[in-house]
Amino acid sequence: MEERWSTEHVLSLAPDAASQKAAGKLSSPAPWSGTGTDGTALWGECRGSGRTPYRTVIELATPAYQCSCPSRKFPCKHALGLLLLWSGSPEAVPSGEPADWAADWLKARRERAEKRAAAPVDPEAARRRAEKRGARVAAGAAELRLRLADRVRHGLADQSTAGPWEEVAARMVDAQAPGLATRVRELDTLPQERLLEEYAMLHLLATAATRVDELPPELAATVRARVGYTLDAA
């Protein structure tokens, strides 16, 4: 019998609190059709505002996600909602063979993985690249922690005079942390009453990113994905 993820683990994958809330609304069977699992992947179609449902497929091992929705968040609310449905209502995601559209995506992923595995690798060069990126990400995360602390120290009421977050987001891109950059950009769009909560979550993520090698493997993988190390959406 396959091991289902806990609700807490699923929600830990969400890019922000808003995605967690939106996913919760999609965690019941009502908006879903054609759901299924083969033990290694999940798939299903989620009813949206248009005529065509959003097709969502998740490869569990990585994990990796694909959805036909236009969201730029990763994973999107549909992927999270399907994971929550699978976690909380196993009978709503029955065992079976993947739908054709899901099977095509999963097959393409396997073929790409096999091609990468067959390519010659220079272990020393790969190690140096990983160390260099790790140092840049850690430096960027440390800078983000300082920026967040400065904002809190000056008070949430003064955010309008503190300037936009775009400059900080650009610094995160330079630090090769696109996941942090996305979260930082979203700060400019949040209402003031949600800022402190998002600051706290982002500070926690940035702190984890500075010591990711010290974390348990599963948590480290989640942190790396949130930071942007492995944005494996295809």
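Would you be able to say whether some residue in the range 172-188 is more than 17 Å from residue 15 (Cβ to Cβ) and assigned to a helix (DSSP H, G or I)? There is at least one residue in the range 172-188 that is more than 17 Å from residue 15 (Cβ to Cβ) and assigned to a helix (DSSP H, G or I). Taken over the range 27-65, the criterion of being in contact with a Lys or Arg (Cβ under 9 Å, 6 or more places away or on another chain) and of a type outside the set (A, V, I, L, M, F, W, C) is satisfied by 31, 33, 34, 44, 45, 53, 54, 59, 62. Per the listing 185, 194, 211, the residue uniquely of a type in the set (Lys, Arg), touching an Asp or Glu at 6+ places or on another chain (Cβ under 9 Å) and either exposed (fewer than 14 other Cβ atoms within 10 Å of the Cβ) or not assigned by TED's automatic domain parsing to the domain that holds residue 103 (or both) is 185. I'm checking my understanding of the structure. Among residues of the range 215-234 that are crowded, with 17+ Cβ neighbours inside 10 Å and part of a loop (DSSP other than H, G, I, E, B), which one is modelled with the lowest pLDDT? Looking at the filtered set, the residue picked out is 229.
The values are calculated or read from the model by the stated rules, or taken from the named source; none is laboratory data. Just so we're clear, the structure is a prediction, and the values are computed from it rather than from any experiment. With ideal geometry, Cβ positions are generated from the backbone for all residues, glycine too; neighbour counts draw on all protein chains shown.
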